[in-house]
Structure formats: structure tokens, C-alpha cells
Amino acid sequence: MEFKYTSRSVEDTLTIAQNIESEKFPNMIICLEGELGSGKTVFTKGFASALGIKDTITSPTFNIIKEYLNGEMPLYHMDVYRLEETDEDIGINDYFNKNGITIIEWADIINDILPSERLVIKFKVIDEDTRVLVFIPYGEKYEELCSAVL
Ligand SMILES: Nc1ncnc2c1ncn2[C@@H]1O[C@H](COP(=O)(O)OP(=O)(O)O)[C@@H](O)[C@H]1O
Ligand SMILES: [Mg+2]
């Protein structure tokens, strides 16, 4: 099952992220794929604002993981762009069992260590303002989530 959403502005991408109801689903893992500038961090900002997180969200490219603990639930924002492809336990796995939302930019780089149940969102750049977001849910609860939002 795949769900396509065409975002025509930054606001569209923020809104779709805000519409994901995290309270139904407190241990969500969201994997973002797509080239540089495709909107992965914008999406994460929308998600964080819906959790009431007031901090500025920036791509954690140089520290890999940023933790935001002052919202309705913990948000772990990862950017694994600088990691080598690996199937080893590098500590990231610990986050998958924590109570909180994990959002991973460039998640395809660590595909081998990702949990089988997760939401994958592929970002495609169409033109300056347009992005196509392809939601691919793995697992029943993620399918329900996509049906509810899209
Ligand atoms: N529809 C859109 N959705 C998200 N970002 C968009 C959109 N249209 C243009 N942009 C621009 O694309 C860039 C996305 O940047 P960012 O989210 O940091 O990308 P990534 O994290 O994927 O590298 C921003 O400069 C933003 O203003
Ligand atoms: Mg980014």
C-alpha cells in the first residue's frame, strides 16, 4: 500500500506532518528518504510543532541525533547522512524501544537495522515549490495512520 501526497508549499508539508496523530501512537518510527532540500527537515519541524516543541529544529547532520524532551512526548530527530551503511548495532537501535517518536532523515542508509514496523516517507522534488511525498506504511498501525491522514 502506498499513499501519495502532493505538497505545493512549505506550509503544505508542515500541515501534513502536523496532522499525524502521535498521541494514538507514542512509539512511532518515521523514516524520511529523499535528496538534499527535498523537505525532510521541514516535515520534522511540522511534527515537532504539533508536539508543542518550541525549540528551533535544525538538521542534526553533525551530531546525528537531537533529543527534544519538552513536548507532549519525546522526539528523537536523527540525520544519518554521515553514517556508513551498516548492519551493526551502533546504539541507534536503543531509540527504537524508547517511549517517544523517532524521525530519521536519510533512513535508507541504515535500512538493515531499522525495525520492520515503521512508516517510510519518500520525498521527491518536482519543482521549486512542489514535492511529492510517498507514504509507505509497514505494519497495520502505520497503515491505519496513513488512511486517517491521507
Ligand atoms: N513543498 C515544499 N515542502 C517542503 N519544503 C519546500 C517545499 N517547497 C520548497 N521547499 C524548500 O525546500 C527546502 C527543504 O529543505 P529541508 O527540509 O532542509 O530539506 P532536507 O531536510 O530534505 O534536506 C527548504 O528550503 C524549503 O523552503
Ligand atoms: Mg534535513
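Stick to Cα atoms and the Kirkwood definition of Rh, then tell me Rg/Rh for the stretch 72-150.
Details: Rg = 13.9 Å, Rh = 14.1 Å.
Radius of gyration over Kirkwood radius for the stretch 72-150 works out to 0.98.
Projecting label points 7 angstrom from Cα along Cα→Cβ for GLU2 and SER59 puts them 2.4 nm apart. Look at the alpha carbon pairs under 8 Å that are at least 6 residues apart: their mean separation over the length of the chain gives a relative contact order of 34 percent. Length gained on full extension, VAL132 to PHE96, computed as 0.36 nm times the residue gap minus the Cα-Cα distance: 10.3 nm.
Here, P(r) means the percent of Cα pairs in each 5 Å bin from 0 to the largest distance; for the chain it is 2, 10, 21, 25, 23, 15, 5, 1. If one computes the Cα centroid of the stretch 112-150 and of the stretch 76-97, what distance in Å separates the two points? Between the Cα centre of the stretch 112-150 and that of the stretch 76-97, the gap is 19 Å.
Within the same chain, lysines fewer than 8 places from LYS54 are excluded, and of the rest, those with a Cα less than 24 Å from its Cα are LYS24, LYS40, LYS45, LYS66, LYS98. Comparing GLY46, ILE65, MET78 along the charge dipole axis of the stretch 42-86, the residue lying farthest to the positive side is GLY46, per the Cβ-charge model.
Bear in mind that the values in this text are calculations on the coordinates, not laboratory data. Just so it is clear, the model here is predicted, and its values are computed rather than measured. All Cβ positions, even for glycine, are placed from backbone atoms using ideal geometry, and neighbour counts span all protein chains on display.
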